[in-house]
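Some notes on the structure that comes next.
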Amino acid sequence: MKRHLLTAAILIAALSLYGVGMTGGGAVLFVLGAACELWFWVRVRRRGANARLLDQQLVVKS
C-alpha cells in the first residue's frame, strides 16, 4: 500500500511542478516535473514487470 501512495505522490509532484513551471516558474521546475514523471513511469513499469514475473512463477509451480 505504501508503494502505491508513494507512486501517487510522485505523480502529484510532477503535475504540480509542471503547472508552476508553465505559469512562469521557470524551466527548472518544468524539468523537475519531467524528472518526477519519468520516475513515476519507471515505478509503474517495474511493478508491471514484477507482477508478470510472479504470475509466470505461479503458473510454472501449478
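The values are calculated or read from the model by the stated rules, or taken from the named source; none is laboratory data. What you are looking at is a predicted structure, and each value in this text was computed from that prediction instead of being measured. Reconstructed Cβ throughout: ideal geometry from the backbone, glycine too, with neighbour counts over all protein chains shown. Just the protein is used for accessible areas: all its heavy atoms, side chains included, with ligands, DNA and RNA removed. Shrake-Rupley method; radii C 1.70, N 1.55, O 1.52, S 1.80 Å.
Count of the stretch 1-15 residues, restricted to those that are open to solvent by 50 Å² or more (accessible area, probe 1.4 Å) and either under 18 Å from residue 46 (Cα atoms) or polar (S, T, N, Q) (or both), is 8.
State all residues of the stretch 16-62 that are surrounded by 14 or more Cβ atoms within 10 Å (Cβ to Cβ) and either basic (Lys, Arg) or at pLDDT below 65 (or both); if no residue qualifies, say none. Of everything in the stretch 16-62, just one residue is surrounded by 14 or more Cβ atoms within 10 Å (Cβ to Cβ) and either basic (Lys, Arg) or at pLDDT below 65 (or both), namely 43.
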